[in-house]
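What follows is a short report on a single structure.
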Amino acid sequence: MKAVVLEKVTPIEEIKLTEMPVPQVKSGWVLVKVKAFGLNHSEKVLRTMEIEENYIKKPVIPGIECVGEVADPGDSRFEKGQKVCALMGGMGRSFDGSYAEYALLPEHHVFAVHSDLPWGQLGAVPETYFTAWGSLFECLQLKPDDTLLVRGATCALGYAVIQLAKALGCRVIGTTHRESKFGLLEEAGADEIVLDEGVITGKVHSVTKVLDLIGPRNLRDTLTAVDKGAIVCNTGILGGVFELDNFDPIKEIPNGVYLTGFFSNYPTQEIMDEIFAFLNAHDLQPHAGQVFDLDHIQDAVAAQDSKKVNGKVVVTV
């Protein structure tokens with residue numbers, strides 16, 4: 001099979017496909033014929049820095065999600081040819097991931113898919129919509145009468161969040177640091193758009209829920225931008241800062257404001273069923289900003305890194 005294999009920090013121009021044997025199924029694992037996978041910021045972190053850490057299995061095929069068909073179910077609950085998705089659980093780090101024609105995956109992180117979406121659109125769903133769903137409904141407890149602020153809304157996750165929140169009936173405010181992206185947020189369904197130059201305190205009002213995708217770089221400001229009773233969920237790290245130094249929660253979380261975070265490592269069949277049922281019920285079309293085939297994986301990664309693609313970059317196999 002063809003696959004991308006990483007052993008060290010790898011710039012875009014060194015990404016290439018390698019021929020290697022198709023993995024042999026083993027007890028508790030499922031061999032999936034990959035049909036599509038989405039690209040994620042997490043994989044850029046792996047490729048540009050995390051690959052040097054000792055806990056990363058090397059060499060490793062990157063990719064934290066995929067959709068496809070069961071090629072060999074082994075002793076699992078699945079049937080050959082069944083449509084499935086897989087995400088997280090160490091995929092692309094502790095064991096080989098999805099940048100390949102086949103992926104050998106642990107059964108507990110493979111899930112049946114009930115959807116008639118084409119592969120190119122289906123590839124935009126697993127990690128992005130699972131993260132959006134968990135952030136909105138598990139962490140933020142989103143309700144139709146909420147006003148949701150999405151900080152860093154022009155990434156693929158931001159688009160998915162706006163889509164889900166609007167389908168639920170919420171008012172949505174989206175932020176971006178580029179005025180050129182205002183039209184895209186309007187197209188996504190945002191009711192209000194705020195230019196984010198690093199400080200939004202005083203720029204937004206009557207916000208009840210916040211999904212912060214920028215992360216620790218601006219989180220202190222996010223906490224002071226909301227009214228008493230608001231919930232802030234930190235999910236993303238688009239700001240490039242991974243932790244808060246010298247953070248004093250007693251002094252820096254305003255009284256009556258609640259801070260939580262979503263860690264997307266624990267998907268379940270029940271949650272994936274809920275996501276696809278919601279998409280079907282509301283006739284929502286996941287947005288793939290640009291679709292490449294596997295032979296053009298280097299172009300796909302370059303497109304993601306350019307930040308010029310409006311929506312999820314998807315690779316079909």
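Counting only helices (runs of 4 or more DSSP H) wholly contained in segment 203-317, the ones carrying 2 or more residues that are within 16 Å of the chain's Cα centre (by Cα) and not assigned by TED's automatic domain parsing to the domain that holds residue 111 occupy 269-281. Residues of segment 157-184 that are in a helix (DSSP H, G or I), under 22 Å from residue 275 (Cα atoms) and over 18 Å from the mean Cα position of the chain (by Cα): 166, 167, 168.
Out of all the residues in segment 264-274, is one or more within 18 Å of residue 62 (Cα to Cα) and either out of contact with any Ser or Thr (no Cβ under 8 Å at 6 or more places or on another chain) or at pLDDT 95 or above (or both)? Yes, the conditions are met somewhere in segment 264-274.
Is it the case, given these coordinates, that residue 63 is surrounded by 19 or more Cβ atoms within 10 Å (Cβ to Cβ), of a type in the set (Gly, Ala, Ser) and under 24 Å from residue 267 (Cα atoms)? In short, yes. In segment 92-123, of all residues being charged (D, E, K, R) and surrounded by fewer than 20 Cβ atoms within 10 Å (Cβ to Cβ), the one that is nearest to residue 297 (Cα to Cα) corresponds to 101.
Among the residues of segment 207-217, the one identified as more than 17 Å from residue 148 (Cβ to Cβ) and either buried (at least 24 other Cβ atoms within 10 Å of the Cβ) or out of contact with any Phe, Trp or Tyr (no Cβ under 9 Å at 6 or more places or on another chain) (or both) is 217. Regarding residue 168, is this residue touching a residue at least 60 places away in the same chain (Cβ under 8 Å), within 25 Å of residue 281 (Cβ to Cβ) and not polar (S, T, N, Q)? The answer is no for residue 168. What's the number of the only condition in (1) on the phi > 0 side of the Ramachandran plot; (2) surrounded by fewer than 16 Cβ atoms within 10 Å (Cβ to Cβ); (3) among the aliphatic types (A, V, I, L, M) that residue 88 fails to meet? Unmet condition: (2). One residue stands out in segment 151-170 among those that are closer than 20 Å to residue 222 by Cβ and touching a strand residue (DSSP E or B) at 6+ places or on another chain (Cβ under 6 Å): the one that is modelled with the lowest pLDDT, namely 154. Pairing residues of segment 184-204 that are within 21 Å of residue 164 (Cα to Cα) with residues that are assigned to a strand (DSSP E or B) and of a type in the set (D, E, K, R), at Cβ distances under 6 Å and at least 6 apart in sequence or on separate chains, gives 191/171. The set of residues in segment 85-131 being free of Cβ contacts under 8 Å to residues at least 60 places away in the same chain and hydrophobic (A, V, I, L, M, F, W, C) consists of 86, 91, 95. A single entry from 111, 78 fulfils the requirement of being at pLDDT 95 or above, under 20 Å from residue 125 (Cβ atoms) and more than 18 Å from the chain's Cα centre (by Cα): 78.
The values are calculated or read from the model by the stated rules, or taken from the named source; none is laboratory data. Nothing here was measured: the structure is a model prediction, and the numbers come from that model. No Cβ is skipped: glycine too gets one built from the backbone with ideal geometry, and neighbour counts run over all protein chains shown.
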